[in-house]
1. Scan segment 298-314 residue by residue and report those that are touching a residue at least 60 places away in the same chain (Cβ under 8 Å) and closer than 24 Å to Leu279 by Cβ.
2. If you take the residues in segment 522-544 that are in contact with a Lys or Arg (Cβ under 9 Å, 6 or more places away or on another chain) and not in a helix (DSSP H, G or I), which one is nearest to Gln313 (Cα to Cα)?
3. Being within 16 Å of Lys383 (Cα to Cα) and charged (D, E, K, R) is the filter here, so list the residues in segment 437-451 that pass it.
4. State yes or no: is Tyr172 more than 30 Å from the chain's Cα centre (by Cα) and either closer than 30 Å to Leu460 by Cβ or among the aromatic types (Phe, Trp, Tyr) (or both)?
5. Would you say Ser215 is touching a residue at least 12 places away in the same chain (Cβ under 8 Å) and assigned to a loop (DSSP other than H, G, I, E, B)?
6. Given Leu126, Leu79, which one is among the aliphatic types (A, V, I, L, M), out of contact with any Lys or Arg (no Cβ under 6 Å at 6 or more places or on another chain) and over 23 Å from Leu337 (Cα atoms)?
7. Is one or more of the residues making up segment 247-258 modelled with pLDDT of 90 or more and of a type in the set (A, V, I, L, M, F, W, C)?
Amino acid sequence: MSVAKPAKRKLSSVLRFAGVLAGVFVIGATASAVFAQDPTDPTDPRSVPTGAPLTQAKDFARTPAEDEIWQLYQDDKLLTARRKVEALLKDNDDSIVGHFVFAQILRRAEGNLPKAMQQMGKARELYEREYKPTVINLESTPWLLHREILYAAQMIAGELERHEYQLQLLDYHDSLYDPRLTAEHAWPLMLLGRYDEARKYAQKAAESSDEFQRSLGRNAMCAIEGEAGTREQRFTACLSAYDDAADRARGDDPFARPDEVTSVTVHAYNAALAAMTALRPDEAERLAQAGATRIEFTPANPWRLLVRLYTDQGRMDEAVQALREMQAWRRKMPPHLREQVRAETDVAFATVLLIAGETKTGLEVVDRAIANPDRRGLTSSSKEQALGAHALLRRALRQTHAEVEAERAVWSGTAESARITRDAAQRRLHDWADAERIRGVLNDDDRLVASFRMYVAGGLEPVPSWLIGDLVPILGAGVSAVVLDMVRDAEDDAALDPYYDAFAAEIAIHRGKRKDALKLANQALDTLPEFEALLRARVAAIAGEAAMGLGQDQAALEFLATAMQRDAGVIRRRGLALPAKIQSDASGPVAKRVLELLDDSPRFELDDNAAGFTITLSGTGRQLELCLLEPAGGVLGCASTPPEPDPDDPATQPTGATTGITPELDDNDYASMTAEAFHARAFAMPVGLSNIDLGSLDGTATISDEANRERMQGLLDRVKSESE
């Protein structure tokens, strides 16, 4: 005789609508593919009616200490709750509530996921040993607490990238409780590469009568289409998820906390990047800005996306402003979310520094990102993909820094020049190591092809469009050509042809086939979208290099001038030298020495009798001005001799100078300062960072201050509680 299985317990509407599993991604040439879970989830005891898990079953004995820590956590007094829960567990290590709350504090307040999982596992072990939950005995057990433990445990498992274990927890949950976590299954299945299964769960959730599951299902479909490499399908799915979320958000309380509102920002972030997949940058910007108008607890920082969009488009003033907002947004996040995307934030900052020519600071920032990688539990890309992308950026920064150092060697002293020469050998070793890391990540055909496809997930992430060409010398021209053929076969949109013509030109110039490179670069420049400002500058530089090698001097000058107008730093990043002549009406020993330094600069091939760029030098004594003019006569940039440095301020010292009490600077020093200022202005895009403290854009110090304030608040809570 068969036995009917009891109905599963229903969850309250408060719990069902408390959280959103949302996919967040930045892909292809814009940033890394990321799918992030919204932290506003039912694992937070504050989303449960006060005392619900503790009072839900009459036979669940609890202590006053357990009630106290529960209330402290609900009141967001995390540091005080941590101190109290540690004392509770010291006296009673069998407290289920104690281990559960401790795990939540470790996850949300400290981002210590391994220890949080350990504590949550202990809570689950104690509960299941005590109550032995089955579908038959749920009525007599505090089932809601167990349900919360399972949900929290699967969330932590996902953040720890233990996706098989996450699926086991989800299946166990669904064997006991309703509503089933249908959409939640799609996430780990997708990350495990089981796309067909993920689609089935996502589609089933999207057709659910439960509003929450429908939202998650739509979002999961958006994520899956991104991983599948589709374009219009992805944009349609992601825009649908955003429109649905935005519509539901109209009913939000305007005074609600960030963890109490409908999640819209992550959907806007998804849809913005899907718009880039469909080559709709205006729509991408609109959606990202829509996400930036709200403050939600999510790692989907819309300002980070805007930094990349503005940088790619050469809108550097707006990129710098977005950098400020990016760090301000991150400071408002809970600790576990701040740390979730710290490396991605650093990489966005380092990318701007590369364009600005601030290579020393850029290397420090990207080194930090690689040394402290983000956890990828909330992202679709693996840690290896991100580290490969970061290594590519670091290699570009290091090679650009080497060009800066080669310039400095001209006007530095003998000892400094010798150091620069020694460092060059060390740089080559580091470049080799980063190249090996990148080749290791791309030791997979699908990942290799995806890295060359524009704005799709699955390859190195994040790599901007104008940096993808750096893969050619790493992989080799032969391998790159084969991959490019595979990419062209995979695409059916003619709008992408100019991108792949640009990459083909890169391969041709690397092979020394200048005619092919010039033809392909011309072809690409005819139809490349105007919003790809930095990529167009790179292609123009390739065309100029090819034309110069073919003896087509006039065409070469036009291409190089175009590249300089869009992104002056591309000349330095590619290690090129501009054909130029000098016009000087300056006088004095400083001017004479400046002319000697310019003659030795690796950025110029001087010939007073040839057509080309023009360097003008004017002024007298120690007050000189250098300007770089394009062949048509337009001014590309000017720099004046810096004022005499303050001996007590290291920031104003010329490169290589000692600080403190120093001898008065001589004419050679002023000539060096003038040449350095000129190269910094002429061969980097004007970003407006020269008068800005870079530390203010870094965010590390301010976020550290925020953490200190949180700790201080905890101490104040402790003093207050002890005085009452």
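The values are calculated or read from the model by the stated rules, or taken from the named source; none is laboratory data. Note that the structure is predicted; figures quoted are calculated from it, not measured. Heads up, the Cβs are rebuilt from the backbone with ideal geometry, glycines too, and the neighbour counts pull from every protein chain shown.
1. Residues satisfying the conditions are Ala300, Arg304, Leu305, Arg308, Leu309, Thr311, Asp312, Gln313, Gly314.
2. The qualifying residue nearest to Gln313 (Cα to Cα) is Glu530.
3. Listed by number, the residues that qualify are Arg437, Arg439, Asp444, Arg447.
4. Yes: the conditions hold for Tyr172.
5. So Ser215 does not fit the description; no.
6. Leu126
7. no
A quick yes/no check of all residues on (1) touching a residue at least 24 places away in the same chain (Cβ under 8 Å); (2) part of a helix (DSSP H, G or I); (3) under 23 Å from the mean Cα position of the chain (by Cα):
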{"position": "Ala457", "(1), (2), (3)": "yes, no, yes"}
{"position": "Trp466", "(1), (2), (3)": "yes, yes, yes"}
{"position": "Leu471", "(1), (2), (3)": "yes, yes, yes"}
{"position": "Ser480", "(1), (2), (3)": "yes, yes, no"}
{"position": "Val483", "(1), (2), (3)": "yes, yes, no"}
{"position": "Met486", "(1), (2), (3)": "yes, yes, no"}
{"position": "Asp492", "(1), (2), (3)": "no, no, no"}
{"position": "Asp497", "(1), (2), (3)": "yes, yes, no"}
{"position": "Phe503", "(1), (2), (3)": "yes, yes, no"}
